[in-house]
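*Asks:* Before I ask anything, here is the structure I am working with.
The values are calculated or read from the model by the stated rules, or taken from the named source; none is laboratory data. Note that the structure is predicted; figures quoted are calculated from it, not measured. All Cβ positions, glycine included, derive from the backbone under ideal geometry; neighbour counts span all protein chains shown.
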Amino acid sequence: MLELTLQALFSGLLAGGYYATVAVGLALVFGTMRVINLAHGELVLLAAYIAYAGESRYGLNPVLCIPFALVVVCASAAIVYALLARIEQDREMNSLILTFGLGVILTNLILMTWAADIHSTTNAWMLDSVVLADTLFAMRSEVVFFVAGLALMAAVHLWLSRSWQGRAVRALSSNRNAAKLMGVDPSRTEVLSFLVAGALSTFAGIAIYTGKTIYPALGHVMTVKAFIITVLAGMGSIPGVLIGAIMIGVIESFTVTYAAASLQELAGMVLFLVVLFVAPSGLFGGKKALPR
Amino acid sequence: MLTLDRVQVSFGGVTALRNVTLGVGEGETLGLVGPNGAGKTTLFNVISGVVHPVSGSLSFRGKPLLREPEWKRARLGIGRSFQIPRPLHHCTVRENLIVAQRFGAGKVDPRRIDEILDLLKLAHKADRDAVTELALTEHKALEVGKALATDPALLLLDEVLAGLETAGKRAFMQTLGAVRDRFNLAMIVIEHDIPTISTLCPRVAVLNFGELIADGTPEAVFRDAEVIRSYTGEAVA
């Protein structure tokens, strides 16, 4: 029993790693543009399908597909941005409709191109199992992408806290009007946040393709999951997003282990509702009031 | 250095500014007063680029401003502080200033940051969190500091003294005078407190219902019958 519990915990932790990379992309874009990109999960899925195409058609290692996927996904992210930037009125509401529509289009393009079948990597090295401490099992790709994901999150965290562009992103997220009066160019910063989100999506897509299975409807599932995680974390804190992602990963994995795999998505939603009731501003995002 | 020529602003059917023509010279301090809703903050919004006039023109040091977005105006040398403090979250006081300097002035100059911190009496809080660890006066000072860090030639101060008690007002006003002299700034100051305005500003302009009804020395302006009427709402005998 203990072994099973530890295994569930371990699998959940590994899943949390790439959930976090999906969620940070969504949160970055939300921060700079105040837009929830409902096509975010489809960008992740696009990267996953590019890896699938590269592997199935040309026999490429999925990791080697990253550069090409990066270009396509970032270009797609830039197109989403360009369309969003054209919205002149009521951006919060209209952007939901726009990005939802773009998500549907992307899903169906993927469906048309690659059909509705379920795919996963055939790369033996990735699929090989690794054993930790004699009892914990994982696929090699899960471990590799978990470690790489952590490194990527650390890099984004450093970028946000140390670089000027990162500071511009934070300034814009913190207070849009004040940032503009400080001389921060909002469009440039927004594009940048979309491109970084594109890069994170690419990574997450390859991680999902090599560690899980992919199918056209997965994009939507990823968007919802990323949204839940960002709300759990309370927006705007990378360590918070990481913890939120791991929580979702662990809860899902416990549900699969002790209840049923079909209840997996439900468990995340229930957690989400509970947190909204108990701590409406998220677990780590308590906005402190300013003295007036 | 700043020229507004027949600026007109409407929100739907409401005219917020009516034919406002106004100039501010290099190094000049202009007080802007008027009853609530007179259009003072709207005027600041027009100058800093938040609001676009329906007609009229606007130039800064000879450069037409209307097509420049807010962030470019900040880089051109128009600094602004808000009525309600808006510090960047999860940043120290110094980081707030550095970000403003990097993007607004285009280069980082730690010496100038230290000077601003000293002038605004924020040096002892420089490495504290800007949202949670400042008192009200310090929040106000930080607002001014962020605007100063962008290396402005013109500083727009929107009721930075509001909410302070009399002694605090007097002290902060002295600070503002010192800042102006040190950086050789032109300033436009929105303020309700007439003694404060009269001390700080050699020239005062009065807005009422979006119209400029007086412009001159504080003594002349505050004796003007129309100005008194706009404030008290009473007919002057």
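*Asks:* What number of residues within the stretch A:178-197 are surrounded by 16 or more Cβ atoms within 10 Å (Cβ to Cβ) and either more than 16 Å from A:PHE30 (Cβ to Cβ) or hydroxyl-bearing (Ser, Thr, Tyr) (or both)?
*Replies:* Filtering the stretch A:178-197 for residues surrounded by 16 or more Cβ atoms within 10 Å (Cβ to Cβ) gives A:178-186, A:189-197.
Of the ones still in play, those that are also either more than 16 Å from A:PHE30 (Cβ to Cβ) or hydroxyl-bearing (Ser, Thr, Tyr) (or both) are A:178, A:180-185, A:189, A:193.
Going through the stretch A:178-197 one residue at a time, the tally reaches 9.
*Asks:* Return yes when A:LEU200 is among the aliphatic types (A, V, I, L, M), in contact with a Ser or Thr (Cβ under 9 Å, 6 or more places away or on another chain), at pLDDT 95 or above and buried (at least 24 other Cβ atoms within 10 Å of the Cβ) and no when it is not.
*Replies:* yes
*Asks:* Okay, moving on. Please count how many residues of the stretch A:9-39 are touching a Phe, Trp or Tyr at 6+ places or on another chain (Cβ under 7 Å), over 12 Å from A:ILE248 (Cα atoms) and among the hydrophobic types (A, V, I, L, M, F, W, C).
*Replies:* Of the residues in the stretch A:9-39, 4 are touching a Phe, Trp or Tyr at 6+ places or on another chain (Cβ under 7 Å), over 12 Å from A:ILE248 (Cα atoms) and among the hydrophobic types (A, V, I, L, M, F, W, C).
*Asks:* Between residues in the stretch B:176-203 that are of a type in the set (Ser, Thr, Tyr) and residues that are surrounded by 16 or more Cβ atoms within 10 Å (Cβ to Cβ) and not in a loop (DSSP other than H, G, I, E, B), which pairs lie under 7 Å by C-beta distance while being six or more apart or on different chains?
*Replies:* Cβ pairs passing all conditions: B:THR196/B:LYS169; B:THR196/B:MET173; B:SER198/B:PRO218; B:THR199/B:MET173.
*Asks:* Name the one entry in B:THR41, B:THR3, B:THR15 that is more than 16 Å from the chain's Cα centre (by Cα) and of a type outside the set (Lys, Arg). Outline the logic, then answer.
*Replies:* Details: B:THR41 fails: more than 16 Å from the chain's Cα centre (by Cα); B:THR3 fails: more than 16 Å from the chain's Cα centre (by Cα).
Answer to the check: B:THR15.
*Asks:* Identify all residues within the stretch B:59-80 that are in a strand (DSSP E or B) and among the aromatic types (Phe, Trp, Tyr); write none if there are none.
*Replies:* Selection gives B:PHE60 alone.
*Asks:* Right, something else. Restrict the check to the stretch A:259-269 and report whether at least one residue is in a helix (DSSP H, G or I), closer than 24 Å to A:VAL80 by Cβ and either of a type outside the set (Lys, Arg) or touching a Leu at 6+ places or on another chain (Cβ under 9 Å) (or both).
*Replies:* No; the residues of the stretch A:259-269 include none that is in a helix (DSSP H, G or I), closer than 24 Å to A:VAL80 by Cβ and either of a type outside the set (Lys, Arg) or touching a Leu at 6+ places or on another chain (Cβ under 9 Å) (or both).
*Asks:* Tell me whether the stretch A:108-119 contains one or more residues that are among the acidic types (Asp, Glu), within 30 Å of B:PRO87 (Cα to Cα) and surrounded by fewer than 17 Cβ atoms within 10 Å (Cβ to Cβ).
*Replies:* Initially, the stretch A:108-119 is screened for residues among the acidic types (Asp, Glu), giving A:117.
So of that shortlist, the ones also within 30 Å of B:PRO87 (Cα to Cα) come out as none.
So far as the stretch A:108-119 goes, no, none of its residues is among the acidic types (Asp, Glu), within 30 Å of B:PRO87 (Cα to Cα) and surrounded by fewer than 17 Cβ atoms within 10 Å (Cβ to Cβ).
One line per residue, one yes/no per condition, for (1) out of contact with any helix residue (DSSP H, G or I) (no Cβ under 9 Å at 6 or more places or on another chain); (2) more than 28 Å from B:SER230 (Cβ to Cβ); (3) at pLDDT 95 or above:
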position: B:THR15; (1), (2), (3): yes, no, no
position: B:LEU32; (1), (2), (3): no, no, no
position: B:PRO35; (1), (2), (3): no, no, no
position: B:LYS40; (1), (2), (3): yes, no, no
position: B:SER48; (1), (2), (3): no, no, no
position: B:GLY62; (1), (2), (3): yes, yes, no
position: B:TRP71; (1), (2), (3): no, yes, no
position: B:SER81; (1), (2), (3): no, no, no
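*Asks:* If we keep just the residues of the stretch B:151-201 that are among the small types (Gly, Ala, Ser) and within 15 Å of the chain's Cα centre (by Cα), which is nearest to B:ARG73 (Cα to Cα)?
*Replies:* The residue in question is B:ALA153.
*Asks:* Another question, then. Looking at the stretch B:119-171, which of the residues that are surrounded by 15 or more Cβ atoms within 10 Å (Cβ to Cβ) and hydroxyl-bearing (Ser, Thr, Tyr) is farthest from B:GLY62 (Cα to Cα)?
*Replies:* So, considering only residues that are surrounded by 15 or more Cβ atoms within 10 Å (Cβ to Cβ) and hydroxyl-bearing (Ser, Thr, Tyr), the one farthest from B:GLY62 (Cα to Cα) is B:THR137.
*Asks:* When you scan the stretch B:91-103, how many residues do you find that are within 10 Å of chain A (Cβ to nearest Cβ) and surrounded by 24 or more Cβ atoms within 10 Å (Cβ to Cβ)?
*Replies:* From the stretch B:91-103, those within 10 Å of chain A (Cβ to nearest Cβ) are B:91, B:95-103; that's our starting set.
If we keep only those that are surrounded by 24 or more Cβ atoms within 10 Å (Cβ to Cβ) as well, we get B:96-97, B:99-101, B:103.
Count: 6.
Matching residues to (1) more than 23 Å from A:MET126 (Cβ to Cβ); (2) of a type outside the set (A, V, I, L, M); (3) touching a strand residue (DSSP E or B) at 6+ places or on another chain (Cβ under 8 Å); (4) more than 14 Å from chain B (Cβ to nearest Cβ):
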| residue | (1), (2), (3), (4) |
| --- | --- |
| A:ARG176 | yes, yes, no, no |
| A:VAL184 | yes, no, no, no |
| A:SER193 | yes, yes, no, yes |
| A:THR213 | no, yes, yes, yes |
| A:PRO216 | no, yes, no, yes |
| A:PHE227 | yes, yes, no, yes |
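*Asks:* Taking the condition out of contact with any strand residue (DSSP E or B) (no Cβ under 8 Å at 6 or more places or on another chain) and among the hydroxyl-bearing types (Ser, Thr, Tyr), does B:THR92 pass?
*Replies:* no
*Asks:* Would you please list the contacts, defined by Cβ atoms under 6 Å and residues six or more apart or on different chains, that run from a residue in the stretch A:1-29 that is under 19 Å from A:ALA133 (Cα atoms) to a residue that is among the polar types (S, T, N, Q) and in a helix (DSSP H, G or I)?
*Replies:* Listed by first residue and then by second, the contacts come to A:ALA8/A:SER253; A:ALA8/A:THR257; A:SER11/A:SER253; A:GLY12/A:SER253.
*Asks:* State whether one or more residues within the stretch A:254-277 are touching a Gly at 6+ places or on another chain (Cβ under 7 Å) and either closer than 28 Å to A:GLU55 by Cβ or within 14 Å of chain B (Cβ to nearest Cβ) (or both).
*Replies:* No, every residue in the stretch A:254-277 fails to be touching a Gly at 6+ places or on another chain (Cβ under 7 Å) and either closer than 28 Å to A:GLU55 by Cβ or within 14 Å of chain B (Cβ to nearest Cβ) (or both).
*Asks:* All but one of (1) in a helix (DSSP H, G or I); (2) more than 16 Å from the chain's Cα centre (by Cα); (3) surrounded by fewer than 21 Cβ atoms within 10 Å (Cβ to Cβ) hold for B:ILE116, so report the exception by its number.
*Replies:* So the condition that B:ILE116 fails would be (3).
*Asks:* Shifting gears a bit: Being in contact (Cβ under 8 Å) with a residue 24 or more places away in the chain and in a helix (DSSP H, G or I) is the requirement here; does A:LEU83 meet it?
*Replies:* Working: in contact (Cβ under 8 Å) with a residue 24 or more places away in the chain: no; in a helix (DSSP H, G or I): yes.
Taking the combined requirement at face value, the residue does not satisfy it.
*Asks:* Sticking with this structure for a sec: Here is a list of conditions, (1) touching a residue at least 40 places away in the same chain (Cβ under 8 Å); (2) away from chain A (no Cβ under 14 Å); (3) not in a strand (DSSP E or B), and B:LEU88 meets all of them except one; can you say which number that is?
*Replies:* (2)
*Asks:* How many of the residues in the stretch B:51-81 are facing chain A (nearest Cβ under 7 Å) and closer than 26 Å to B:GLY163 by Cα? Can you show your working first?
*Replies:* Filtering the stretch B:51-81 down to residues facing chain A (nearest Cβ under 7 Å) leaves B:70-71, B:74-75, B:80.
Imposing the further condition that a residue be closer than 26 Å to B:GLY163 by Cα reduces the set to B:80.
Residues that pass the stated criteria total 1.
*Asks:* Can you spot a residue in the stretch B:31-38 that is touching a Phe, Trp or Tyr at 6+ places or on another chain (Cβ under 7 Å), more than 10 Å from chain A (Cβ to nearest Cβ), within 25 Å of B:VAL221 (Cα to Cα) and not hydrophobic (A, V, I, L, M, F, W, C)?
*Replies:* Yes, the stretch B:31-38 has at least one match.
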